[in-house]
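Bear in mind that the values in this text are calculations on the coordinates, not laboratory data. Values in this document were obtained by computation on a predicted structure and should not be read as measured data.
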Amino acid sequence: MRKLAIIIALVAVCSTAAAQITVKRLPVDIAKAMSGRETLTRYVSEANDTTYSLVLYTYNQFAGYMTVTLGDRSQATAILRSMYDYTPASKDEVIELNNPGNNRAYYKSDLGYKQYVIFGDDDAGSRLGGYLGIKSIKKFLAALAEE
């Protein structure tokens, strides 16, 4: 009788523990550039909504990485294409990316390497900024077209 009570208690505990386990979908890296400092990721939510984002290494060495949400595939392609085709009117012109995260960026060219500095705010309110090169944008556009 005692063994039966222990087995019933064990089954009750295991069944409640199994009910608490949920499956979470992880982001998938589609393309990486600059040794992993610039990554294009795809995330499929539980409602099967697919969103794309950029994960960029920040120039603030203590912050690590920042995420720039690009939206669905058509939005991501349109944003990256407009960034690739953009010609700045002035040296330090700040542009709106018109992405779901309302990020801003400016175009920068150092020693012939053309890139954007994308700004965003983290939860603590400190300013974050990440670099995204023009060659990386071209690579990400090709990866989106293949997918």
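Values computed for the structure shown
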read-out: Extension gain from residue 93 to residue 110, taking 0.36 nm per residue of separation minus the Cα-Cα distance; value: 4.6 nm
read-out: Karplus-derived 3J(HN,Hα), 6.51/-1.76/1.60, for each residue of the stretch 131-140, Hz, glycine and proline x; value: 9, 9, x, 5, 5, 5, 4, 4, 5, 5
read-out: Percentage relative contact order, the stretch 25-146, counting C-alpha pairs under 8 Å, at least six apart; value: 22 percent
read-out: Mean shadow area of the stretch 25-146 over all directions, Cα convex hull, nm²; value: 8.1 nm²
